[in-house]
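S.K.: Below is one structure. I have some questions about it.
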Number of protein chains: 2
Amino acid sequence: MKQSQLFTKTQKFAPQDEVSKNAQLLIRAGFVHKEMAGAYEFLPLGWRVMNKIMNVIREEMNAIGSQELFMTSLQRKEVWEASGRWDDEVLDVWFKTCLKNGAEIGLATTHEEPLTALMKDYISSYKDLPFSAYQFQTKFRNEVRAKSGIMRGREFIMKDAYSFCASQEEHDVFYEKAKQAYINIFRRLGIGDQTFMTFASGGSFSKYSHEFQTICDAGEDIIYVSEEKNIAINKEVYTDEVLADLGVTKESLMEKKAAEVGNIFSLGTKFSDALDLTYDANDGTKQKVIMGSYGIGPARVMGVVTELLSDDKGLVWPDVIAPFTVHLLSLEQNEATQKIHDQLTDSGIDVLFDDREVRAGEKFADAELIGCPYRVVVSKKSLEKGGVEMQRRTEVQNEIISVETLIDTLLKG
Amino acid sequence: MKQSQLFTKTQKFAPQDEVSKNAQLLIRAGFVHKEMAGAYEFLPLGWRVMNKIMNVIREEMNAIGSQELFMTSLQRKEVWEASGRWDDEVLDVWFKTCLKNGAEIGLATTHEEPLTALMKDYISSYKDLPFSAYQFQTKFRNEVRAKSGIMRGREFIMKDAYSFCASQEEHDVFYEKAKQAYINIFRRLGIGDQTFMTFASGGSFSKYSHEFQTICDAGEDIIYVSEEKNIAINKEVYTDEVLADLGVTKESLMEKKAAEVGNIFSLGTKFSDALDLTYDANDGTKQKVIMGSYGIGPARVMGVVTELLSDDKGLVWPDVIAPFTVHLLSLEQNEATQKIHDQLTDSGIDVLFDDREVRAGEKFADAELIGCPYRVVVSKKSLEKGGVEMQRRTEVQNEIISVETLIDTLLKG
């Protein structure tokens, strides 16, 4: 795409009321816009990143056989009363409103209750189980404070998956698959090294739940990392008993600030009890369905990547989620650059083509702020030397290479 | 995908409170689920259709250079007060709620106001114009009654686009492009022949706006169609003056029931006046930005397609938006059918593979209800004759053909 046609512009300063580093940088680079605290618009560059993050998650969820659907934001009071979570004292982040006839409804904070109710229409026999379903759907949470930029929203897209099994054994098999899918997801998203599976409190139906926590100063959580065992422990279960259970000692653990990028949770029959979701077992008895839930916040991942990888010049995107792979800068060589642009896009490479009539310095500064993995400059000098000047966003040296070599390099990743 | 793993099942009956034909059929076939009147979940088959519809729209919007973004559902009172539309007397479909600090906020019914306000950060000069932006985003409208199934929701995804221009001439150029894009979209979605561009009331800044109305008994509108001129007139502007203006006579027009599937609207400076969206013109003066808005409801399109094309046996999907191109039925030949499934998917063809252990009659009935364009049956008999039995959903005759011929036929479309 031509940068002269992109409606966003980079900005020298972020809004004064924006305190988080991730939102400051993303606003300055034109990726997001702040509508109100905890509610951000995703502008064209930012929406491209979000879609790439969501596609990685989608591929891994499909790979474990999960089925994508799309639920409603408007929620009936009845299904939430059934589980005891309609009460604002129990769930304190509700946004509620009313239909014209006066009936109270809520905006989905999560979807366990309505999906459990929905499944009563589709689950009747053990033969219908196991399976899982997921969605990318907006959640609304009425947070008192929302100061972490796009890392904690009053409104945010969540990938939430739910599993439905006939037995604890079936559940455990899917739970392990989901764990592995999450490990793959965070590795592919470029934060695998900094992301630990943590042990967290488990609720009534399991000893532990698991979170995926990325070590990050902007995170709101404290975790205790065992590098040796490649696991970590959440603060709320950091007790002598748990340490012994996991076979780690206090001395071997490092305290770190971290951001929760995902969680997986065994729900047991909590919701199938509340909403009477049963199946006919092989032996003719009626049994409650065993459930699990599995969440990832794509915008939080985008925020964490921003917090972790950006430098003093701007954003730094991993190749797989960059808005464009190549930022192609024309230094008064728009005609030659257009041809190179076409060669790259014909090879299936995403290109942001800076064809604007502005100073070279402004183009360089914008390329650093926007943070595409490869900056490719086309100038009189580079053309005379037979090619283009390529520089990785994460490196300081650049080199003149032919367009063919550039394409080879990019296709190899 | 294997049908044995699809969590939805077809149902003999729709819920008793569901009065619309589209929702009755879509619920029975497992495409949607009713959460409450006017709010439906899209289940795996239905979500595939929605995504295919949205992708056609996305391709045509990208082709006219529009830029995709994603705005918020939560809306600040101030921007809507600026345009005078916060008042429930003016806009009577608001859902409103409150932040924890008591501040009133609304759920987006549409996005003119917040997008106009947002653009103040990005538009300063005539050089920034023209451009357009669009999104697929949930709208919330507190309708008193919602009895048209997925054709009129209290919550529904809308593709809404907005254009920003420096002059009426620039606006007119984009408006004509949008018209053509809409014509392409409805043709590609399989309802081009039944869809007419209608003249509708224009508001303060233009004589007419234009709607795209599909002739359909379940529609809520009345239009007057001129087949000769390939246009139509909405009831609210069906006057002698307008007829004369458009050069048509009452006698040449046919009154039809129709459903509005899209609309395009010249907004003039209505919103840039209200929210003070200006640009510096070439001559140094400050001018107001000229805007337009362009909507399509993908779920309404899905509903209209259901109403128009389905028959007494079930749904009938046009190839381009079918959940799967092929419904592959194994009659006790799962092993051979699996191989054929793999050949088809390796060729890039979407296949729903009915591998269930149920009666042949149930498979046939489900294939008709679900409505994929090609039903392909693999039986002992078909294999002996050297292939598979193929039947188009819209035809009664079937034929035995080789798998190679099947693939050729499907790839040619």
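The values are calculated or read from the model by the stated rules, or taken from the named source; none is laboratory data. Note that the structure is a prediction, hence the values are computed from the model and not measured. Note that we place each Cβ from the backbone using ideal geometry, even for glycine, and neighbour counts take in every protein chain shown.
S.K.: Mind telling me which of the residues B:VAL403, B:VAL316 ends up being at pLDDT 95 or above and out of contact with any strand residue (DSSP E or B) (no Cβ under 8 Å at 6 or more places or on another chain)? Talk me through it step by step, then tell me what you get.
M.R.: Values: B:VAL403 fails: out of contact with any strand residue (DSSP E or B) (no Cβ under 8 Å at 6 or more places or on another chain).
Selected residue: B:VAL316, the only one of B:VAL403, B:VAL316 that is at pLDDT 95 or above and out of contact with any strand residue (DSSP E or B) (no Cβ under 8 Å at 6 or more places or on another chain).
S.K.: Within the range A:143-153, identify whether any single residue is among the β-branched types (Val, Ile, Thr) and more than 7 Å from chain B (Cβ to nearest Cβ), and answer yes or no.
M.R.: yes
S.K.: Filter the range A:97-114 for residues that are crowded, with 17+ Cβ neighbours inside 10 Å and more than 24 Å from the chain's Cα centre (by Cα); which is farthest from the other protein chains (Cβ to nearest Cβ)?
M.R.: A:GLY106
S.K.: Ok, one more. Let me spell it out: the conditions are (1) within 20 Å of B:GLU35 (Cβ to Cβ); (2) under 27 Å from the mean Cα position of the chain (by Cα); (3) crowded, with 22+ Cβ neighbours inside 10 Å, and A:ARG85 meets all of them except one. Which number is the exception?
M.R.: Of the numbered conditions (1) within 20 Å of B:GLU35 (Cβ to Cβ); (2) under 27 Å from the mean Cα position of the chain (by Cα); (3) crowded, with 22+ Cβ neighbours inside 10 Å, the odd one out for A:ARG85 is (3).
S.K.: Now a separate question. Check B:GLU155 against each of (1) acidic (Asp, Glu); (2) surrounded by fewer than 23 Cβ atoms within 10 Å (Cβ to Cβ); (3) in contact (Cβ under 8 Å) with a residue 24 or more places away in the chain; (4) farther than 19 Å from B:SER272 by Cβ and name the one condition it does not meet.
M.R.: Answer for B:GLU155: the failing condition is (2).
S.K.: B:THR138 fails exactly one of the following numbered conditions: (1) part of a loop (DSSP other than H, G, I, E, B); (2) at the interface with another protein chain (Cβ under 9 Å from one of its Cβ atoms). What is the number of that condition?
M.R.: Answer for B:THR138: the failing condition is (1).
S.K.: Also: What is the one condition in (1) in contact (Cβ under 8 Å) with a residue 12 or more places away in the chain; (2) not in a strand (DSSP E or B) that A:GLY295 does not satisfy?
M.R.: (2)
S.K.: While we're here: Pick from A:LEU352, A:LEU369: which is part of a strand (DSSP E or B) and touching a strand residue (DSSP E or B) at 6+ places or on another chain (Cβ under 8 Å)?
M.R.: Details: A:LEU369 fails: part of a strand (DSSP E or B).
It is A:LEU352.
S.K.: Only one of B:ALA274, B:ALA360 is in the same structural domain as B:GLY203 (by TED's automatic domain parsing), surrounded by fewer than 24 Cβ atoms within 10 Å (Cβ to Cβ) and of a type in the set (A, V, I, L, M); which?
M.R.: B:ALA274
S.K.: For the list (1) at the interface with chain A (Cβ under 10 Å from one of its Cβ atoms); (2) in a loop (DSSP other than H, G, I, E, B), I need the number of the one condition that B:LYS127 fails.
M.R.: Here B:LYS127 clears every test but (2).
S.K.: Against the conditions (1) out of contact with any strand residue (DSSP E or B) (no Cβ under 7 Å at 6 or more places or on another chain); (2) farther than 29 Å from B:LEU115 by Cα, where does B:LEU253 fall short? Just the number, please.
M.R.: (1)
S.K.: What are the residues in the range B:40-82 that are more than 8 Å from chain A (Cβ to nearest Cβ), over 30 Å from B:THR269 (Cβ atoms) and without any contact (Cβ under 8 Å) to a residue 60 or more places away in the chain, if any?
M.R.: Hits for the range B:40-82 are B:ASN51, B:ASN55, B:GLU59.
S.K.: Within the range B:1-39, track down each residue that is of a type in the set (Phe, Trp, Tyr) and either more than 9 Å from chain A (Cβ to nearest Cβ) or not in a loop (DSSP other than H, G, I, E, B) (or both).
M.R.: B:PHE13, B:PHE31
S.K.: Can you say whether A:LEU91 is more than 9 Å from every other protein chain (Cβ to nearest Cβ) and closer than 28 Å to B:ARG141 by Cα, as far as the supplied structure shows?
M.R.: Yes: the conditions hold for A:LEU91.
S.K.: Do we find that B:PHE324 is in a loop (DSSP other than H, G, I, E, B), buried (at least 18 other Cβ atoms within 10 Å of the Cβ) and either under 25 Å from the mean Cα position of the chain (by Cα) or in contact (Cβ under 8 Å) with a residue 24 or more places away in the chain (or both) in this structure?
M.R.: Judged against the criteria, B:PHE324 is a match.
S.K.: Identify, from the list A:GLU176, A:GLU169, the residue that is among the acidic types (Asp, Glu), closer than 27 Å to A:MET302 by Cα and in the same structural domain as A:GLY106 (by TED's automatic domain parsing). Spell out the reasoning first.
M.R.: Values: A:GLU169 fails: closer than 27 Å to A:MET302 by Cα.
Going through A:GLU176, A:GLU169 in turn, just one is among the acidic types (Asp, Glu), closer than 27 Å to A:MET302 by Cα and in the same structural domain as A:GLY106 (by TED's automatic domain parsing): A:GLU176.
S.K.: Oh, and also: Counting just the residues of the range A:154-177 that are in contact with a His (Cβ under 8 Å, 6 or more places away or on another chain) and not small (Gly, Ala, Ser), which one comes out nearest to the other protein chains (Cβ to nearest Cβ)?
M.R.: Across the range A:154-177, the extreme among qualifying residues is A:TYR162.
S.K.: Filter the range B:335-349 down to the residues that are assigned to a helix (DSSP H, G or I) and buried (at least 18 other Cβ atoms within 10 Å of the Cβ) and list them by number. Break it down stepwise before answering.
M.R.: Pass one, the range B:335-349, residues assigned to a helix (DSSP H, G or I): B:335-346.
Result: B:THR337, B:ILE340, B:HIS341, B:LEU344.
S.K.: Given the criteria within 11 Å of chain B (Cβ to nearest Cβ), among the aliphatic types (A, V, I, L, M), touching a helix residue (DSSP H, G or I) at 6+ places or on another chain (Cβ under 8 Å) and touching a residue at least 60 places away in the same chain (Cβ under 8 Å), does A:ALA117 qualify?
M.R.: yes
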